[in-house]
Amino acid sequence: MQQLFLAGSAALAATAFPFFCTCFGALLGCTARASSPDSVANRATLGFAGGVMLAASVFSLLLPAVELAQTQGYPGWLAACGGFALGAAFLVLLDFFLQRIKPEYSLSSFAITLHNLPEGMAVGLSAALAALSGASVFAGVGALAFGVGVQNLPEGTAVALPVLHRTKNRKQAFRAGVVSGIVEPIGGLLAALLAGIAAVVLPWLLAFSAGAMVYVTAQELIPTACSNNVKGFAGTLGVLAGFVLMMALDLSLG
């Protein structure tokens, strides 16, 4: 019991910073001006969110999934491709279902929320193992938690901005960002309490989240942001800017 408490406390402490970074990113997104759905600003916003999600899918999820699977002794492509296909299929079914009961619902916030779960599990699992081995949690996991936290800043913004432009409600946009981030401490705690199981399924969860995010980006964000007219060019630039920013953060802090 004492070891479980130690592992859980370490996981919560390590995932607190990424969670607050997500909240701060959402707060920044809520300061933007809520323009009309077809405005240049809205298209750039959606494009930016799509670019962030595409880069996060590759550099934060798929590549780590391959590496983790290989350390467990089986081909990395198996977890990456299998988890990706399952994640995309899950979002296809969810999209099909939601379009019939709540067509105004946006999948982008859900996908980023889903992707934060395995990230939180990775940080929480590392913190728990460090604590149980007697090492300093922040010395062993500080760099990982910091890197995930900094990456969460644009992700929190990417959640809040589309909600703000769709609803014109800043409180609702901020709430969406907070909800997307709170799953990281939850995932970290679960991983700490179920360390053996979490380590095995983590590569698949990472790839699953990547499949979900790519589906949302291809289905919802890029088509809306980059439709073929003059304003669509702003969406294309937003995609490129979001991808480059997230790629730079992942490669420099990963």
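The values are calculated or read from the model by the stated rules, or taken from the named source; none is laboratory data. Treat the numbers as computed from the prediction; the structure is a model and nothing was measured. Ideal geometry is used to build each Cβ from the backbone, glycine not excepted, and the neighbour counts take in all protein chains shown.
General remarks:
- Only one of Thr31, Thr45, Thr71, Thr15 that is under 18 Å from Val239 (Cα atoms) and β-branched (Val, Ile, Thr): Thr45
- With respect to the stated conditions, Leu190 is of a type outside the set (Ser, Thr, Tyr) and either within 27 Å of Pro75 (Cα to Cα) or touching a Phe, Trp or Tyr at 6+ places or on another chain (Cβ under 7 Å) (or both).
- The listed residue being over 22 Å from the mean Cα position of the chain (by Cα) and at pLDDT 85 or above, out of Gln3, Gln70: Gln70
- Top-ranked residue of segment 109-141 - restricted to ones that are at pLDDT below 70 and part of a helix (DSSP H, G or I), ranked as surrounded by the fewest Cβ atoms within 10 Å (Cβ to Cβ): Ala139
- Filtered residue count, segment 188-229, keeping only those that are closer than 15 Å to Leu68 by Cβ and either at pLDDT below 85 or not hydroxyl-bearing (Ser, Thr, Tyr) (or both): 16
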